[in-house]
1. Can you give the percent of C-alpha pairs in the range 170-424 whose distance is more than 23 Å?
2. Given ILE449, GLN436, ILE311, which one lies farthest toward the positive end of the charge dipole of the chain, if we put +1 on the Cβ of every Lys and Arg and -1 on the Cβ of every Asp and Glu?
3. For n ≥ 4 DSSP H runs only, could you compute -39500 (n - 2.57) per run for the chain, divide by its residues and tell me the 222 nm figure to the nearest 500?
4. Can you tell me the 0 to 90 degree angle between the C-alpha axis of helix 457-468 and the longest principal axis of the chain, rounded to 10?
5. May I ask you to evaluate 6.51 cos²θ - 1.76 cosθ + 1.60, the Karplus curve with θ = phi - 60°, for each residue of the range 89-102 and list the ³J(HN,Hα) values in order in whole Hz, giving x for glycine and proline?
6. Mind listing the phi-derived Karplus ³J(HN,Hα) values for the range 281-295, rounded to whole Hz, using 6.51, -1.76 and 1.60 with θ = phi - 60°, and x for any glycine or proline?
7. Can you find, among ALA257, VAL229, LEU267, the residue farthest towards the positive end of the dipole of the range 170-424? Put +1 on the C-beta of Lys and Arg, -1 on that of Asp and Glu.
8. Mind listing which trypsin sites (Lys or Arg not before Pro) in the range 16-118 are in a DSSP loop and have 15 or fewer other Cβ atoms within 10 Å?
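Nothing in this text is a laboratory measurement; each read-out follows from the coordinates by a stated rule. Quantities reported herein were computed from a predicted structural model and do not represent experimental measurements. Every residue, glycine as well, gets a Cβ built from its backbone with ideal geometry; the counts of neighbours run over all protein chains shown.
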Amino acid sequence: MKKTKIDHYTDKEALDFHKNKKPGKIEIISSKNMTTKRDLALAYSPGVAAPVRAISENPETAYDYTSKGNLVAVISNGSAILGMGNLGALASKPVMEGKAVLFKRFADIDSIDLEIDSSDSNEIINSIKNFAPSFGGINLEDIAAPDCFIIEQKLKEILDIPVFHDDQHGTAIITTAALINALDICGKSIKDVKIVVNGAGASAQACTELFKNSGVSHENVIMIDRKGVIYKGRPEGMDQWKSRHANETKLRTLEEAINGADVFLGLSAKGALKKELVKKMAKNPIIFACANPDPEITPEEINEVRDDAIIATGRSDYPNQVNNLIGFPYIFRGALDVRSKTINEEMKVAAAQAIAKLAREDVPDEVVAAMGGERPHYGKDYIIPSTFDPRLISVIPAAVAKAAMDSGVARKSIDNFEIYKDHLKQRLDPTVTIMQGINSYIKKNQKKIVFADGEDENTLKAAIAFKNSKLGTPILVGKESKIKEQIKKIGYNENFDIEIVNSTDENKRTKYVKHLFKKLQREQGLLERDCDRLVRNDRVVWATSMVACGDADGAVTGNTRRFGASLDKIKQVVDVRDGEIMFGLNMVVHKGKTIFVGDTSVHEYPTSEQMAEIAISTARVVRLFGFEPKVAFVSHSTFGQPLTSRTKHIRKAVDILKEKKVDFEFDGDMQPDVALNPEYKELYPFSKLVGNANILIMPGQHSAAISYKMMKTLGDTKVIGPLLIGLGLPVEIAPLRSSTSEIINLASIAAYSADVIKYIKW
């Protein structure tokens with residue numbers, strides 16, 4: 001089967017993404033409050049004089065009083081942007097901003113991109129040298145060889161902070177980890193294997209260096225460039241860097257070198273390795289075809305001629321993706337945390353070994369949940385951990401930090417690595433991991449999802465992205481002419497292949513009217529013509545009816561009307577599941593801490609019994625997301641102080657859970673800061689839940705809605721939801737003016753729910 005590049009978007013969408021709200025992908029925010037005159041006096045004049053004096057007396061204190069210790073400069077001159085070539089410094093800025101975003105997302109490292117408009121390596125070196133004191137590390141990116149070698153080498157000599165060229169060393173670390181595990185599976189010794197490296201650029205050379213530092217014999221590596229085998233005495237196309245990998249050999253071509261080879265590493269071009277050559281390799285060959293976007297040979301082509309090969313590529317649509325994202329954020333995290341002077345070979349080897357070891361470990365349940373219910377097993381198709389494995393943040397930085405300490409380049413020690421690992425885990429944004437897991441699951445369990453507001457631009461973009469990302473099959477409700485007009489406006493061909501439905505479909509309309517009439521004639525005294533009018537005129541009713549009648553698996557609506565108005569229409573079509581309570585649940589993430597808030601949208605003043613049921617249902621849902629539920633019933637009071645009628649109401653809900661003997665931790669009443677802030681533990685030592693809650697059961701819809709919407713609007717907070725829990729069908733409501741991403745998340749959750757929750761058949 002031929003694999004092709006997957007297009008998830010148009011150029012216009014990509015441009016709009018980078019332009020909308022604030023241009024670009026990064027911003028700088030203050031880490032300190034700046035609300036009062038006193039705050040300003042401390043932050044600037046005269047208070048700022050104190051850290052200035054301290055740093056002048058001892059430069060090391062810059063790590064204590066400034067952002068230096070968590071700040072990396074992402075630097076390029078644009079001479080080798082992705083696979084596009086030399087497009088100049090300014091053109092590289094979107095890529096460098098993207099790199100900065102990845103640093104923040106995966107390792108909580110702050111980054112500033114700096115594009116240097118020069119092709120003179122000495123000028124670039126001097127520029128970096130002069131501003132380097134502001135940073136804790138330097139990441140070089142998209143700089144053409146041989147300048148990348150020269151710049152990195154010189155900077156390492158003159159600077160006392162980590163300097164890392166990711167194109168070289170990131171690829172090398174991940175590839176070495178893959179090699180370690182592939183050899184383990186094959187039962188081959190790293191000291192004895194014969195390796196052919198096709199390509200002699202920066203990444204190929206860095207991989208070869210790290211292979212050798214990990215135990216591969218120099219004599220067992222044959223490197224090949226466009227002119228053939230790199231051998232001692234070759235007269236043309238040589239330089240000081242290639243010469244380091246030259247061998248005494250009579251081999252001159254790939255065809256000759258590949259005979260009996262144990263390993264092929266390709267960092268070259270599409271089609272460079274032919275099936276006929278694969279046949280000549282040794283038993284249990286290891287083939288890393290890492291050219292992007294198209295590998296030197298596809299796994300399908302390899303499997304046609306060998307059934308014993310272990311294969312890796314640079315692509316996400318095949319197993320064993322060699323992805324630098326597994327490496328560079330975590331390597332810098334470990335280096336920064338011990339204030340390392342450099343990133344040396346010992347640290348690279350430690351990172352590679354840690355990555356390899358992680359793939360060999362049993363995958364715990366919480367990781368399975370984060371990866372969409374898939375439990376990978378160490379073997380031919382799993383030699384490298386997933387990019388979204390939440391264990392990476394604690395495993396790799398710890399290994400790198402220890403190697404820095406052991407090799408004498410660390411200026412700060414870590415006394416307790418278990419505490420350090422726990423601290424690292426708290427830096428991760430779990431929401432992204434959760435959604436990645438859900439998306440991985442639904443890709444393998446395809447569902448039809450109705451997007452009720454098909455004419456709305458954000459909803460339409462979400463439906464198209466849902467389809468292009470292969471998350472499932474979207475169905476749009478709306479007028480075909482208007483939707484096609486919007487499709488064209490977005491940047492797609494108006495005949496883009498996506499299903500559009502509306503009430504002109506007489507067969508579907510008749511079916512939905514009958515279903516609705518059967519349900520509502522007694523409940524609401526509606527006549528059949530009333531039901532017909534509802535089905536004809538309301539897209540929410542139509543979309544929900546499609547799910548109820550089996551024409552779709554789930555639906556997402558909202559965005560163009562009030563939440564309550566959408567919910568009223570949904571409830572006309574579908575009831576609450578037997579024995580359950582319906583409520584709204586929001587997932588809120590702030591600075592790495594995830595909390596679930598309910599009820600946010602259904603019950604104005606839930607009874608004590610309802611609050612208890614909401615807590616039980618929320619705990620069940622939270623476990624589906626991979627969290628262990630810890631429930632706090634929040635209030636204006638803490639453990640009865642002050643005692644009011646509402647406080648008694650909340651405490652009764654707690655008593656109900658005690659009587660039910662539920663299998664999760666809970667407590668209350670307590671104020672939200674007591675529930676979430678560990679500093680309150682010493683005031684309330686009798687409660688294990690203080691400062692540790694991840695579920696907040698709210699006393700009323702008003703307080704819930706005010707709380708999460710205020711956090712979403714004013715704070716650096718991500719919100720998913722509200723999710724409709726307890727409804728008899730997987731239908732989700734997007735709040736007014738939801739973004740495309742928010743709608744996609746709700747559509748994904750609807751598809752996930754359709755498969756993992758046992759709904760009644762309508």
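1. Tail of P(r) above 23 Å: 51 percent of Cα pairs.
2. ILE449
3. -13000 deg cm²/dmol
4. The helix 457-468 is inclined about 50 degrees to the chain.
5. 4, 4, 5, 7, 4, x, 5, 5, 4, x, 4, 4, 4, 5
6. These are the phi-based 3J(HN,Hα) values: 6, 5, 4, 6, x, 10, 10, 9, 9, 9, 5, 10, x, 10, x Hz.
7. Comparing the listed Cα positions along the dipole, VAL229 ranks first.
8. Passing both the DSSP loop test and the Cβ count: LYS21, LYS32.
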